[in-house]
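Participant: Attaching a single structure in structure tokens format; questions to follow.
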Amino acid sequence: MDDLAGFLRTRRARVDPAAVGIPADSRRRVEGLRREEVAHLSGVSVDYYVRLEQGRATQPSGQILDALARVLCLDETERGHLHRLARQRRRRAKTPGGGRVRPELLRVLDLVAGAPALIMDHRLDVLAGNRLAGLLFGRPLPGLNTARHIFLEEAERGLYAEWEQCTLDVVGHLRLAAGKYPEDPRLASLIGELAMGSERFRRLWARADVRARTHGRKAYRHPMVGLLELHQENFALPGESGMELLVLSAAPGSPAEDGLRLLGSLGADSDGAHPITSESTDSIRTNGD
């Protein structure tokens with residue numbers, strides 16, 4: 001299925017006709033707007049819009065895309081995704097490289113002592129994390145993909161106190177990533193794996209919703225310290241295509257702050273003075289007995 005065509009169809013189906021000035025009609029049989037209504041409201045011919053939804057139209061102009069975004073009531077994230085999908089046939093985004101984290105970024109992770117901090121790529125692979133992040137997830141961070149962790153590892157589902165919301169966020173992010181990097185084979189493989197292994201993932205993916213990861217509440221239920229209600233901030237790393245720094249902080253004086261302090265003390269004897277990366281674990285394996 002053409003990604004642009006599928007996105008237009010799913011967005012059209014969710015628009016309340018009354019929201020764009022179309023009177024209620026008890027005989028209406030379609031969910032959302034009809035194709036001819038979208039075409040009329042956006043100022044394009046019905047034939048051209050039908051060809052867009054069938055994946056047969058030529059490259060739509062920015063003016064047409066903006067008109068469609070207005071009629072379909074797209075938010076800023078969805079509008080950007082629409083434009084990106086329309087450009088795919090003409091210009092492909094370069095797939096990011098192997099995900100090696102610069103030493104300078106590892107030092108930044110080392111400075112974040114009172115909060116879990118991670119560096120992740122667009123596939124939701126954890127590339128590095130500080131000691132507290134490792135203690136939060138209770139497992140080695142190299143090799144951890146949070147999408148797999150949430151959807152496929154049933155035993156780990158209890159860590160996410162708001163699991164259903166997390167699944168919405170993950171699918172929305174992966175939809176954005178697939179639109180930005182349509183020729184990334186590892187991303188396509190991950191999406192296929194999740195679709196094969198999770199019925200919920202398949203249902204959410206079919207909705208074609210997109211979400212940008214920026215900031216917001218994240219709640220974890222840790223088996224040793226209980227509920228941790230944290231705030232996540234996402235920082236895009238300049239020059240590191242697709243990579244983001246995620247910091248999970250607790251409000252001062254909150255139970256979550258006490259919980260993170262306790263979590264850090266429980267892991268005080270562990271070897272976690274430096275950020276955990278795939279390179280560091282390889283070194284431990286090589287030098288160990």
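Participant: Could you identify the single residue in Val112, Val44, Val108 that is crowded, with 16+ Cβ neighbours inside 10 Å, at pLDDT 85 or above, among the β-branched types (Val, Ile, Thr) and under 28 Å from Pro182 (Cβ atoms)?
Facilitator: Result: Val44 is the single residue among Val112, Val44, Val108 that is crowded, with 16+ Cβ neighbours inside 10 Å, at pLDDT 85 or above, among the β-branched types (Val, Ile, Thr) and under 28 Å from Pro182 (Cβ atoms).
Participant: Next up: Going by the structure shown, is Glu240 of a type in the set (Asp, Glu) and either modelled with pLDDT of 95 or more or surrounded by 17 or more Cβ atoms within 10 Å (Cβ to Cβ) (or both)?
Facilitator: Working: of a type in the set (Asp, Glu): yes; either modelled with pLDDT of 95 or more or surrounded by 17 or more Cβ atoms within 10 Å (Cβ to Cβ) (or both): yes.
Yes.
Conditions tested, residue by residue: (1) closer than 17 Å to Arg107 by Cα; (2) modelled with pLDDT of 95 or more; (3) assigned to a strand (DSSP E or B).
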{"residue": "Gln232", "(1), (2), (3)": "no, yes, yes"}
{"residue": "Phe235", "(1), (2), (3)": "yes, no, yes"}
{"residue": "Gly259", "(1), (2), (3)": "no, yes, no"}
{"residue": "Ser265", "(1), (2), (3)": "no, no, no"}
{"residue": "Asp269", "(1), (2), (3)": "no, no, no"}
{"residue": "His274", "(1), (2), (3)": "yes, no, no"}
{"residue": "Glu279", "(1), (2), (3)": "yes, no, no"}
{"residue": "Asp282", "(1), (2), (3)": "no, no, no"}
{"residue": "Asp289", "(1), (2), (3)": "no, no, no"}
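Participant: Something else about it: State all residues of the range 221-255 that are within 20 Å of Tyr181 (Cα to Cα), of a type in the set (Asp, Glu) and in contact with a helix residue (DSSP H, G or I) (Cβ under 8 Å, 6 or more places away or on another chain); if no residue qualifies, say none.
Facilitator: Glu240
A quick yes/no check of all residues on (1) assigned to a loop (DSSP other than H, G, I, E, B); (2) in contact with a Phe, Trp or Tyr (Cβ under 9 Å, 6 or more places away or on another chain); (3) not β-branched (Val, Ile, Thr):
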| residue | (1), (2), (3) |
| --- | --- |
| Phe7 | no, no, yes |
| Thr10 | no, no, no |
| Ala13 | no, no, yes |
| Ala18 | no, no, yes |
| Ala24 | yes, no, yes |
| Arg27 | yes, no, yes |
| Val30 | yes, no, no |
| Leu33 | yes, no, yes |
| Glu37 | no, no, yes |
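Participant: Please go through the range 203-236 and pick out each residue that is in contact (Cβ under 8 Å) with a residue 24 or more places away in the chain, under 28 Å from Val101 (Cβ atoms) and in contact with a Lys or Arg (Cβ under 7 Å, 6 or more places away or on another chain).
Facilitator: The answer is Val210, Leu230.
Participant: May I ask you to verify whether Thr146 is among the β-branched types (Val, Ile, Thr) and surrounded by fewer than 20 Cβ atoms within 10 Å (Cβ to Cβ)? Spell out how you get there, then give the answer.
Facilitator: Numbers: among the β-branched types (Val, Ile, Thr): yes; surrounded by fewer than 20 Cβ atoms within 10 Å (Cβ to Cβ): no.
When the stated conditions are applied, Thr146 does not pass them.
Participant: Another one. Counting residues that are in contact with a Phe, Trp or Tyr (Cβ under 7 Å, 6 or more places away or on another chain) and farther than 16 Å from Gly242 by Cβ, which helices (runs of 4 or more DSSP H) fully inside the range 97-176 reach at least 1?
Facilitator: Qualifying helices (runs of 4 or more DSSP H): 131-137, 146-151.
Participant: Here is a list of conditions, (1) surrounded by 14 or more Cβ atoms within 10 Å (Cβ to Cβ); (2) under 13 Å from Leu68 (Cα atoms), and Ile22 meets all of them except one; can you say which number that is?
Facilitator: It fails just one condition, (2).
The values are calculated or read from the model by the stated rules, or taken from the named source; none is laboratory data. Keep in mind that what you see is a predicted model, and the values were worked out from it rather than measured. As a convention, Cβ positions derive from the backbone with ideal geometry for all residues, glycine included, and neighbour counts pool all protein chains shown.
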